Amino acid sequence: ETGVTQTPRHLVMGMTNKKSLKCEQHLGHNAMYWYKQSAKKPLELMFVYSLEERVENNSVPSRFSPECPNSSHLFLHLHTLQPEDSALYLCASSQDAGLRDTEAFFGQGTRLTVV
Amino acid sequence: AQKVTQAQTEISVVEKEDVTLDCVYETRDTTYYLFWYKQPPSGELVFLIRRNSFDEQNEISGRYSWNFQKSTSSFNFTITASQVVDSAVYFCALSGPGTYKYIFGTGTRLKVLA
């Protein structure tokens with residue numbers, strides 16, 4: 001298997017639930033990212049990990065908690081979400097965290113609906 | 001501040017027509033990078049092209065071509081002889097030194113009708 005794989009593809013959860021999104025990359029990259037894509041809004045960078053260390057956290061509410069146990073895996077733990085958190089959550093990876101001159105590879109995303 | 005504007009929210013064309021997707025960017029950096037991505041219905045963003053600020057040569061790849069003009073801060077994308085498989089959302093993005101971010105535009109949804 002190659003590329004960036006995200007599971008689950010779809011998730012419906014209540015506001016009191018706890019769930020986790022998983023991302024796995026098979027590209028040997030050192031950097032991984034979580035993006036949020038809401039309707040009619042630009043993609044929002046949420047978190048960046050470089051060599052398993054978080055290097056950027058864009059004022060994301062604490063109900064979103066990332067975890068990067070190794071350079072191939074990235075999780076996004078969710079708890080007590082709000083309906084406005086419903087969106088497509090995209091994971092990406094790149095060779096290094098300096099995205100400036102390298103492209104990122106994206107997974108297919110997890111479509112999250114909070115009810 | 002950095003910003004990317006894709007003013008065209010949605011474009012519909014008939015198959016075999018040519019179509020140009022506009023991208024205008026703002027940055028104070030002298031070194032920066034511009035990107036185009038395609039997002040088909042399956043969801044993942046697919047990388048199409050990267051261009052650095054010192055390379056204003058236009059690029060052609062099959063039916064795709066890109067026109068980078070620093071004078072107008074634009075990086076437009078043209079699809080020649082469009083096909084139904086080109087239907088997707090296309091994103092323009094910008095990155096610069098000292099940042100981990102892409103700055104994405106809001107995307108242009110392209111519908112190619114058979």
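The values are calculated or read from the model by the stated rules, or taken from the named source; none is laboratory data. Small disclaimer: the values here were computed from a predicted structure and weren't measured. Here Cβ is always computed from backbone atoms with ideal geometry, including for glycine, and neighbour counts include all displayed protein chains. Just the protein is used for accessible areas: all its heavy atoms, side chains included, with ligands, DNA and RNA removed. Shrake-Rupley method; radii C 1.70, N 1.55, O 1.52, S 1.80 Å.
Points worth noting:
- Take the conditions (1) within 11 Å of chain B (Cβ to nearest Cβ); (2) assigned to a strand (DSSP E or B); A:Lys41 misses just one of them, which is (2).
- All positions within region B:23-51 that are open to solvent by 40 Å² or more (accessible area, probe 1.4 Å), over 13 Å from B:Ser73 (Cα atoms) and among the basic types (Lys, Arg): B:Arg50
- A:Asp85 being at the interface with another protein chain (Cβ under 10 Å from one of its Cβ atoms) and more than 22 Å from A:Glu24 (Cβ to Cβ): no
- Filter result for B:Val19 (open to solvent by 40 Å² or more (accessible area, probe 1.4 Å) and either under 14 Å from the mean Cα position of the chain (by Cα) or without any contact (Cβ under 8 Å) to a residue 12 or more places away in the chain (or both)): no
- The residues of region B:63-98 that are open to solvent by less than 70 Å² (accessible area, probe 1.4 Å) and of a type in the set (Gly, Ala, Ser), listed by number, are B:Ser65, B:Ser73, B:Ser74, B:Ala81, B:Ser82, B:Ser87, B:Ala88, B:Ala93, B:Ser95, B:Gly96.
- Flag for A:Ser20 being away from chain B (no Cβ under 12 Å), open to solvent by 30 Å² or more (accessible area, probe 1.4 Å), among the hydroxyl-bearing types (Ser, Thr, Tyr) and under 12 Å from the mean Cα position of the chain (by Cα): yes
- Residue-level check: of (1) more than 13 Å from chain A (Cβ to nearest Cβ); (2) open to solvent by less than 40 Å² (accessible area, probe 1.4 Å); (3) under 25 Å from B:Ala114 (Cβ atoms), B:Ser12 misses just (2).
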